[in-house]
Every structure is written in C-alpha cells, then in structure tokens.
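Just below is one structure, and these are the notes that go with it.
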Amino acid sequence: MSWPMRPGAAALLAALSDPDRGFDAVVSGSYERAFFGNQFSLVAPLFAAAGVQLWMPEVGGALDPEVDELDELMALLGILAKREVIRSRHRAKNAMSAQVRTQGRWVGGRVPYGYRLVDAGPHPNKADARWGRRAHKFDIDPDTAPIVEWIFASRREGHSVARITRALNDAGTLCPSAVDRESNPHRSGTAWIVRTVQEILGNPVYTGRMVWNRQRTDRVLVDPCNPGLGHREVTRWNNPEDWVLSERPAHPALVSETDFVAVQGLRATRRDARHTYLLTAILRCALCDRAFEGHWVHETAGYRCRHGHTSAKTTDYKRPKNTYLPEKRITAKLPLLHRLLTAAEPATGDTRATASAATSKPSTATPEEVIDYLRIHGLELAYDPRTRTLEIIGKPAARITL
Ligand SMILES: [Zn+2]
C-alpha cells in the first residue's frame with residue numbers, strides 16, 4: 001500500500017511540512033516494512049525537501065541524498081522486500097493447505113452461514129498452545145443451520161435458485177450478511193439475493209469437510225492511470241481444482257455428499273451458472289434502463305437485454321427486438337473508453353507523492369483494470385442499441401461506437 005494510504009505513514013508525511021513538528025530525523029527500523037517496491041524513490045524527496053533526515057540500519061546511519069549510488073541501493077532493497085513478502089506468503093499458504101487437508105483445521109476466514117465457531121481444545125501447535133491459544137471448529141448454529149438444510153432440500157426437489165431466494169425473502173428469513181454484519185461489511189444486508197443462495201449451494205463445507213482457498217486476494221492498482229497511489233486488495237474466486245478439502249469430516253454435515261453432488265449436477269445443466277461475466281451489474285441498456293444480463297452463446301460470454309420481456313409474459317410483437325452484445329466487443333474498446341474519460345478528467349490524487357508517476361502519457365490499462373476502476377468509482381456503462389454507442393453514464397465525453 002502506498003504511503004498516503006497508510007494512516008501512520010500519511011500522518012508522518014503531513015507532519016513533515018509542519019515547522020513545529022518537534023523532530024528533525026526519522027529512523028526506519030526495517031526497510032521491508034517501510035518501503036515496498038519503488039516507494040522509497042517517491043517518499044525520499046519529501047523528506048529531503050522538509051530537511052528531515054532518514055536513518056536506516058542498511059546504510060549505517062543517516063542517508064545522504066547527495067550520494068548517487070543511493071538510488072540503486074534503495075531500488076535493490078525494494079526488490080528484496082517485495083521478494084520476501086511473496087516468499088513468506090508462499091510458505092504460509094503451503095502450511096495452511098496441509099493443515100486443512102490432513103487435520104481439517106480451521107485456518108481463519110469467514111464462518112459459513114449455518115455454522116458457528118466453537119472451542120476445540122488447546123491449539124495443536126505446541127508453541128501456540130503454550131501461549132494459551134485455542135483451536136476452533138465449526139458447529140451447527142441452531143438458528144441458521146435449518147435454513148441451509150432447507151435450501152439444499154428445496155434445490156434437490158428441483159426448485160429454481162430464483163424461487164428459493166424469493167421464498168426466503170417472502171418468509172422474512174434473515175440473510176447471511178444481516179445475521180453476521182461484522183464479517184459482511186461489503187454486503188447491504190437487506191435481502192437474500194440469487195448469488196448468496198448459489199454460493200451456499202456450491203460450498204462443499206456443508207458436507208462436513210473443511211474447505212479452504214476457494215477465494216484468493218489479488219492486489220490491483222487503486223487507479224490504473226495513477227500507479228503511485230498503490231494497490232488495493234480484491235477478493236476473487238479460485239477455480240474449484242485449487243480448493244483444498246479436508247480428507248476426513250471436520251464438523252457436522254448439513255447435506256449428504258450424495259445430495260451435494262446431485263445439486264451440483266443440477267447447476268451444471270444451467271450452463272450460465274458456471275460462466276463468469278466481467279461486466280455484471282455495470283452494463284445498462286439505454287433503451288429501457290435495465291441491467292444487461294449475462295448470456296452464453298456460441299461458447300462466448302455476452303450480454304442480453306430483453307427490454308422487460310420475459311418468457312412468462314405473452315409475446316408482444318410491437319416490443320423492441322432483444323439486444324445482444326458479445327463481451328469481447330466491449331472489452332476490446334474499454335482501454336479507449338478509459339483514455340477518453342481520463343483525458344476529460346485529469347487524475348487527481350496525492351500530487352506530492354505521485355508527481356513522478358502522474359505523467360500525462362496515455363493509459364495502458366487492461367480491460368480488467370478498467371472494469372475494476374469503474375466498480376471502485378461506482379460508474380456504470382450504458383449501451384444504446386439504436387445508435388450502437390457505449391458510454392460511461394454521466395460522462396458524455398467517454399462515448400464510443402461499437
Ligand atoms: Zn433494454
């Protein structure tokens with residue numbers, strides 16, 4: 001994370017410009033923890049400008065900004081710091097994977113809806129146990145477990161996921177994010193949605209086995225056209241072949257393995273459930289103002305708007321024709337759209353720390369980065385089938401013809 005985004009570091013940067021700050025040198029005890037990647041080169045000039053010395057064990061005292069080799073040494077230390085972070089992440093991941101597989105151990109993460117965390121005796125790691133740490137396992141949550149069982153049973157009977165979702169809302173059942181606000185700050189917590197029910201139906205944890213690594217945390221640029229702002233973390237789904245399951249049951253099951261597998265089979269017949277659509281919920285139809293829905297045709301992802309028509313309604317021959325858009329046609333143009341947007345609105349941000357990064361060269365953002373950018377900034381795209389134009393809603397300068 002960049003300095004301006006770290007609370008302590010941001011406070012230090014702010015203090016530099018205060019003449020009454022009461023210090024004239026800063027000691028960095030650990031380069032790895034202070035500067036990641038190229039951060040040193042962004043921050044050091046600010047210290048020099050404020051007349052505050054930086055002390056580091058790596059150079060045996062105060063840094064002399066006049067020394068030429070310093071930049072190279074600091075760049076090298078930055079690379080080493082990055083490598084150390086990646087290496088320790090790998091070590092931790094291998095260890096956790098083994099603990100889950102062979103011991104069915106809970107290694108942290110969200111407790112699935114239907115279960116609660118209970119004490120499971122002293123921590124299996126002797127060093128941890130000596131510190132008084134305890135192990136934990138999942139047990140049935142008497143309030144929510146019957147709902148999970150009902151969801152699996154209903155799906156097994158052939159009810160659609162949409163119908164199950166509706167029934168849960170009609171009955172006023174509290175949705176997972178409402179039950180556990182603390183672990184779900186990113187969810188609105190108001191109602192069940194289809195995706196929540198799908199996630200429950202697809203989670204093998206309910207067969208009694210411990211599951212880990214279904215999701216991963218990726219680091220993406222906060223702003224693709226302003227790399228100096230650093231990265232933020234986003235949670236993404238891993239492929240099922242990367243999931244780690246315990247070899248033996250680790251907690252009480254809420255569905256039999258036979259039923260769980262049968263329900264996955266039901267999902268597989270609806271091919272859409274397995275496909276991912278990059279632009280879900282950010283692509284609207286300008287003709288009827290509805291969200292485009294993911295639509296899988298000819299082995300490729302695309303989006304469809306039926307302008308409010310559903311197969312449950314009688315056919316109205318006057319209604320506009322369905323609109324269909326292959327995803328590739330949109331993603332190919334996203335970098336261009338992003339350039340139009342950023343040309344119209346120069347990127348703002350912490351100009352002190354990003355002065356060297358905020359050059360005005362054209363953005364080289366990938367389609368995925370542009371989509372992340374739109375999501376972070378709450379922007380949506382509108383496609384107008386009459387004019388075949390795609391634009392960022394509220395940003396008339398960012399409009400292109402597909
Ligand atoms: Zn429409």
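Worth a mention:
- Backbone HN-Hα couplings from phi across the range 119-124 [Karplus 6.51/-1.76/1.60, Hz, Gly and Pro as x]: 5, 10, x, x, 4, x
- Judged by a Cβ-Cβ distance under 4.7 Å, the unpaired cysteines of the chain are 175, 225, 288.
- With a simple spin-label model that places each label point 7 Å from the Cα along the Cα-to-Cβ direction, the separation between residue 82 and residue 241 comes to 2.9 nm.
- Label zone at residue 217 (point 7 Å along Cα-to-Cβ), backbone N below 12 Å, the range 103-117: 109-110
- Extension gain for residue 171-residue 10 works out to 53.1 nm (0.36 nm per residue, less the C-alpha to C-alpha distance).
- Label-point gap, in nm, between residue 379 and residue 262 - each point 7 angstrom along Cα→Cβ: 4.9
- Long-range amide H partners of residue 53 with built H, under 5 Å: 25, 26
- Full extension of the chain segment joining residue 332 with residue 234 gains 33.0 nm, where the gain is 0.36 nm per residue of separation less the Cα-Cα distance.
- The HN-Hα couplings worked out from phi for the range 24-32 by the Karplus form 6.51 cos²θ - 1.76 cosθ + 1.60 (θ = phi - 60°) are 10, 8, 10, 9, 9, x, 9, 4, 4 Hz, whole numbers, x standing for Gly and Pro.
- Cα gyration tensor category, rounded, prolate or oblate, for the range 12-160 with a/c compared to 1.5: prolate
- Here residue 117 and residue 1 are evaluated by their C-beta separation; at R0 = 30 Å the FRET efficiency comes out at 0.55.
- Considering only alpha-carbon pairs that sit under 8 angstrom and 6 or more positions apart, the relative contact order computed for the range 3-100 is 29 percent.
- An oblate overall shape is assigned to the chain, the ratio a/c of its alpha-carbon gyration tensor axes (a ≥ b ≥ c) being 1.5 or greater and a/b not exceeding b/c.
- Between residue 198 and residue 41, the simple spin-label model (points 7 angstrom out along Cα→Cβ) gives 4.3 nm.
- Multiplying the residue separation of residue 110 and residue 90 by 0.36 nm and subtracting their alpha-carbon distance yields 5.1 nm.
- Cβ crowding within 10 Å averaged over residues, with 225-236, 85-96 ranked highest first: 225-236, 85-96
- Contact order relative to length of the chain, as percent, for alpha carbon pairs under 8 angstrom and 6 or more apart: 13
Any read-out appearing in this document is the output of simple, stated calculations on the displayed coordinates, not a laboratory observation. None of these values were measured; they are calculated from a predicted model. When we count neighbours, we look across all protein chains shown, and the Cβ atoms used for this are built from the backbone with ideal geometry, even at glycine.
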